[in-house]
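To start, the structure under review is shown below, and the notes come after it.
The values are calculated or read from the model by the stated rules, or taken from the named source; none is laboratory data. Everything numeric here is computed off the predicted structure, so don't read it as measured data. When we count neighbours, we look across all protein chains shown, and the Cβ atoms used for this are built from the backbone with ideal geometry, even at glycine. Remember, those area values only see protein heavy atoms, side chains included, never the ligands or the DNA or RNA. Shrake-Rupley method; radii C 1.70, N 1.55, O 1.52, S 1.80 Å.
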Amino acid sequence: MTSCHVTEDPIKKVAIFGGTHGNELTGVFLVKRWLENGTEIQRTGLEVKPFITNPRAVKKCTRYIDCDLNRVFDPENLGKKMSKDLPYEVRRAQEINHLFGPKDNEYSYDIIFDLHNTTSNMGCTLILEDSRNDFLIQMCHYIKTSLAPLPCYVYLIEHPSLKYATTRSIAKYPVGVEVGPQPQGVLRADILDQMRKMIKHALDFIHNFNEGEEFPPCAIEVYKIMEKVDYPRNENGDIAAIIHPDLQDQDWKPLHPGDPVFLTLDGKIIPLGGGSTVYPVFVNEAAYYEKKEAFAKATKLTLNARSIRSSLP
């Protein structure tokens, strides 16, 4: 691990998004609370803006209206001429990009925390899109340490062919916050408490960083996406097998070649192929049936961060 020192600009503007998916209620509930009373998310010298990203979907308690808001923040959609004929979420993406971006611009928000729930047994999860960002690795390390002994996993979605174009990607430092298991359209007190603590620790880290605290070199364990796995399907394209009981709720646990993965209604077991151990993520996620994803395979890595401190004025 290198001990090189990195100086970063202080963080000035932070947004907390809830309702990117309108039926993932923890983020919706917390953001609405903070819009009414934001005392607990305010930090000296820092602008923190809570924001409901997909209000129509939130009102209907559905994932989205026309298309997935968390997949349309790409140059093509953001560059389309504004029109009533555009899908609602594309129009909303352009509005959000105008308010918090523009994407890849020096004037965009420094950090966006995008709050999500999953029906999968993933516990507290932070989602990273960049494996080389010292600031984000340090933030994840701080949150993980602060939450201990409660586990906090880091999911790295950096992949050349799996481009998400996420809502949070308009920020300089995008951070996904995923907590589960929680059914769609449902609130659970334990899940809400965990997400609330994750945001508290994240904001504390930013505040300490802005105040000039130096964070020494650190390392974190992450799970990097390798590929997405679809359900077995018949000639009509219908699902022909379901997640095996041995795999259900086993997110982050090692899955070895030959281990049961799927089970047909006839009792046939379909094992994991290949020659290496993987780590399943988003196992049997309800929202991913339409995306033809039964789970994602991940590999375990260690990311290192250099020492960082802010360049105080």
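Give 145, 166 a once-over and let me know the one that is closer than 28 Å to residue 12 by Cβ and either at pLDDT 95 or above or of a type outside the set (Val, Ile, Thr) (or both).
Numbers: 166 fails: either at pLDDT 95 or above or of a type outside the set (Val, Ile, Thr) (or both).
Sole residue among the options that is closer than 28 Å to residue 12 by Cβ and either at pLDDT 95 or above or of a type outside the set (Val, Ile, Thr) (or both): 145.
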Open item on the list: Whether any residue in segment 179-193 is open to solvent by 10 Å² or more (accessible area, probe 1.4 Å), farther than 19 Å from residue 291 by Cα, in a loop (DSSP other than H, G, I, E, B) and modelled with pLDDT under 95 is what I want to check.
Closed with: no
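Being within 20 Å of residue 28 (Cβ to Cβ), in contact (Cβ under 8 Å) with a residue 12 or more places away in the chain and touching a strand residue (DSSP E or B) at 6+ places or on another chain (Cβ under 6 Å) narrows it down to one of 110, 134, 114, so name that one.
Details: 110 fails: within 20 Å of residue 28 (Cβ to Cβ); 134 fails: within 20 Å of residue 28 (Cβ to Cβ).
Matching residue, one of 110, 134, 114: 114.
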Task: Selection status of residue 16, more than 20 Å from residue 206 (Cα to Cα) and either under 22 Å from the mean Cα position of the chain (by Cα) or surrounded by fewer than 19 Cβ atoms within 10 Å (Cβ to Cβ) (or both) - done: no
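Here's the yes/no breakdown for (1) open to solvent by 60 Å² or more (accessible area, probe 1.4 Å); (2) within 20 Å of the chain's Cα centre (by Cα); (3) of a type in the set (Val, Ile, Thr); (4) within 30 Å of residue 209 (Cβ to Cβ):
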{"site": "49", "(1), (2), (3), (4)": "yes, yes, no, yes"}
{"site": "56", "(1), (2), (3), (4)": "yes, no, no, no"}
{"site": "60", "(1), (2), (3), (4)": "yes, no, no, no"}
{"site": "75", "(1), (2), (3), (4)": "yes, no, no, no"}
{"site": "80", "(1), (2), (3), (4)": "yes, no, no, no"}
{"site": "83", "(1), (2), (3), (4)": "no, no, no, no"}
{"site": "96", "(1), (2), (3), (4)": "no, yes, yes, yes"}
{"site": "101", "(1), (2), (3), (4)": "no, yes, no, yes"}
{"site": "110", "(1), (2), (3), (4)": "no, yes, no, yes"}
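Condition test on residue 65, is it under 27 Å from residue 182 (Cα atoms), touching a Phe, Trp or Tyr at 6+ places or on another chain (Cβ under 6 Å) and either surrounded by fewer than 20 Cβ atoms within 10 Å (Cβ to Cβ) or of a type in the set (A, V, I, L, M, F, W, C) (or both)? Spell out how you get there, then give the answer.
On the way: under 27 Å from residue 182 (Cα atoms): yes; touching a Phe, Trp or Tyr at 6+ places or on another chain (Cβ under 6 Å): yes; either surrounded by fewer than 20 Cβ atoms within 10 Å (Cβ to Cβ) or of a type in the set (A, V, I, L, M, F, W, C) (or both): yes.
Criteria met by residue 65.
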Task: strands (runs of 3 or more DSSP E) within segment 4-83 that include 1 or more residues in contact with a Pro (Cβ under 6 Å, 6 or more places away or on another chain) and among the β-branched types (Val, Ile, Thr) - done: 13-18
- [ ] For residue 255, state whether it is in contact with a His (Cβ under 6 Å, 6 or more places away or on another chain), farther than 24 Å from residue 27 by Cβ and either surrounded by fewer than 18 Cβ atoms within 10 Å (Cβ to Cβ) or at pLDDT 95 or above (or both).
- [x] no
- [ ] Would you confirm whether any residue within segment 228-242 is farther than 19 Å from residue 127 by Cβ, open to solvent by 60 Å² or more (accessible area, probe 1.4 Å), of a type in the set (Lys, Arg) and at pLDDT 95 or above?
- [x] yes
TODO: Determine which single condition residue 169 fails, assuming it passes every other condition in (1) open to solvent by 50 Å² or more (accessible area, probe 1.4 Å); (2) in a helix (DSSP H, G or I).
DONE: (1)
TODO: Would you check if there is a residue in segment 278-297 being out of contact with any strand residue (DSSP E or B) (no Cβ under 8 Å at 6 or more places or on another chain), hydrophobic (A, V, I, L, M, F, W, C), crowded, with 17+ Cβ neighbours inside 10 Å and touching a residue at least 12 places away in the same chain (Cβ under 8 Å)?
DONE: yes
